[in-house]
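This report concerns only the one structure given below.
The values are calculated or read from the model by the stated rules, or taken from the named source; none is laboratory data. Quick caveat: nothing in here was measured; it's all calculated off a predicted structure. Note: ideal-geometry Cβ built from the backbone for every residue, glycine included; neighbour counts use all protein chains shown.
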Amino acid sequence: MIVLFVYGTLAPGELSWSLLAPYVIDTREGSVPGRLYDTGRGYPGAVFAPGRDLVHGWCCTLAEPPLGELDAFEGDEYERITVRCTDGTDALAYHWIAPLDGLRVLDDGSWTARR
């Protein structure tokens with residue numbers, strides 16, 4: 001089992017949740033230090049780093065996660081890394097590695113709050 005921190009289209013109730021849902025054992029809200037960006041392409045990108053900003057999302061405990069499939073879904077704009085949630089949980093997360101030029105910061109750190 002692993003914990004995956006999700007903050008965008010893979011989050012519960014979002015567009016791509018169905019890719020993750022079959023593997024989910026438990027889900028709880030969580031936050032990770034970093035900054036969340038609107039890519040303008042219908043999905044966000046998070047840059048995880050210590051600081052005053054937080055990215056809000058969900059810590060999903062997964063059984064037999066399809067990491068290769070998730071890596072392919074996220075593509076070359078992201079890198080899978082280990083992050084520490086504010087509650088001390090270590091989790092995997094997809095960190096934005098593509099250029100930030102022209103991306104808008106989501107000041108509240110929440111993708112779902114944009115609605």
Reported set for region 1-20 where residues are touching a Leu at 6+ places or on another chain (Cβ under 8 Å) and either part of a strand (DSSP E or B) or of a type outside the set (S, T, N, Q) (or both) is M1, I2, V3, L4, F5, V6, Y7, L10, W17, L19, L20
Residue hits (region 53-66; more than 11 Å from the chain's Cα centre (by Cα), of a type outside the set (S, T, N, Q) and within 14 Å of F5 (Cβ to Cβ)) are L54, L62, P65
If a residue must be of a type outside the set (D, E), in a strand (DSSP E or B) and either more than 21 Å from S18 (Cα to Cα) or free of Cβ contacts under 8 Å to residues at least 40 places away in the same chain (or both), how many such residues does region 69-94 contain? 6
Restricted to region 95-109 and to residues being in contact (Cβ under 8 Å) with a residue 24 or more places away in the chain and not in a strand (DSSP E or B), the residue nearest to the chain's Cα centre (by Cα) is G109
Please indicate, with yes or no, whether at least one residue in region 32-52 is among the hydrophobic types (A, V, I, L, M, F, W, C), part of a strand (DSSP E or B) and more than 13 Å from the chain's Cα centre (by Cα). no
Restricting attention to region 82-93, which residues are closer than 20 Å to Y37 by Cβ and either out of contact with any strand residue (DSSP E or B) (no Cβ under 7 Å at 6 or more places or on another chain) or surrounded by 13 or more Cβ atoms within 10 Å (Cβ to Cβ) (or both)? V83, C85, A91, L92, A93
Give the residue, chosen from G51, G75, that is surrounded by fewer than 15 Cβ atoms within 10 Å (Cβ to Cβ), modelled with pLDDT of 95 or more and either in contact with a helix residue (DSSP H, G or I) (Cβ under 7 Å, 6 or more places away or on another chain) or among the small types (G, A, S) (or both). G75
As an exercise: evaluate Y23 against (1) free of Cβ contacts under 8 Å to residues at least 60 places away in the same chain; (2) surrounded by 13 or more Cβ atoms within 10 Å (Cβ to Cβ); (3) under 13 Å from the mean Cα position of the chain (by Cα) and give the number of the one condition it does not meet. (3)
Hey, among the residues in region 95-114 that are out of contact with any Phe, Trp or Tyr (no Cβ under 9 Å at 6 or more places or on another chain) and among the charged types (D, E, K, R), which one's nearest to L20 (Cα to Cα)? R114
